[in-house]
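Below is one structure, written out as structure tokens; comments come after it.
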């Protein structure tokens, strides 16, 4: 029978350290996904994954059975990513290429047609542009905003779970998500608007 | 018809599907149109994660395993529990109750005793490193808030509720670490923690939303005291100490005590 997370934790704490691999195998990819979306690049995401499992291992005795292991692990991963983002700022390494700031799309030349079932070359190109714009916009969020947004939008975590990661009240989480969404809208809606206009004129 | 839904309510509705908003949207074309736009934008936001190779888990384990081997093995630890603020508080309250009951039974009929300061001391076995790790984590979180605030553009109305609440949470924790450092005569750490505490209190006393001018003043106060720099310096020292104490731990028994100060 497959070992549950809780059982694997108990085995590690009882001295069977190899059982930690069950947890790494089960959650490694998900932690990478979260780390990638928070840091914006594979290298940093790999570093966050390593640090997350290392911290998790060292603090395994503090894991409380009443909470879900994955939520607890996500909390550690988010904090590791936040630490790395803070360190990056400290090191004066800007993840965003300043040139991309000026790389504004001309709304008249680009459209986004989400209703088109077949992704033609134009739509594929625009999807790539949109992805780039989303990436750029996310890099402009503050670390806390990005954490809240990634956890809610991509990972589907509840407001209270995000609150426990950030150690803030639900209301503050909602405010932070709203702030993030507002910034994302400012970046992306010129494209969306032009898409609507273009669709209407066809 | 009730008032229109705010942009924030519509955004939260997109994620939370609140029943009240649903009913309003069904009756209100203005809000419904605004919500459709929000939904279209948010639905288009994708940030695909690069594919990992099929043997990713094996690769991850092979790089992780050597690091785990040299890490301290996790076992059920009394110390970790003691370091959690909530448990400190519970332990403190219990200790206070025991002492109060004892004092009441013994002395109350004759004369009143002033409220005692109770110190519950942890056993004296190598806990310095655990304390250093905890202080390091605390400074990490403090640094995160300071960096956030320092980098927030001071324009228009700024919502700092998340940072304010984080600061509020860190104040009590900071006080305990500062008192411990003072008691251990660790002046350098105690002084920085003292300064950090004032800044955290300053942040926590702000409203959830501040004007650009207020934020700028706060940023200037943080900057003029050089708190962020001091936090980084002391953080790296604390982490270095925690590492060196880890390597020394097996052969030495630390005399440092973790107090629970009520």
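Please treat every number below as a calculation from the coordinates, not as lab data. Values in this document were obtained by computation on a predicted structure and should not be read as measured data. Quick reminder, even Gly has a Cβ in these numbers, built from the backbone with ideal geometry, and neighbours come from all protein chains shown.
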- Extended-chain gain in nm, criterion 0.36 nm per residue less alpha-carbon gap, residue B:183 and residue B:59: 40.0 nm
- Mind computing the radius of gyration and Dmax over the alpha-carbon atoms of the stretch A:1-95? Å is fine for both. 14.1, 49
- Item | Shielding score for A:172-183, defined as the mean number of other chain Cβ atoms within 10 Å | 6
- Note on the structure: Rounded to whole angstrom, the alpha-carbon centroid of the stretch B:133-155 lies from that of the stretch B:194-217 at a distance of 13 Å
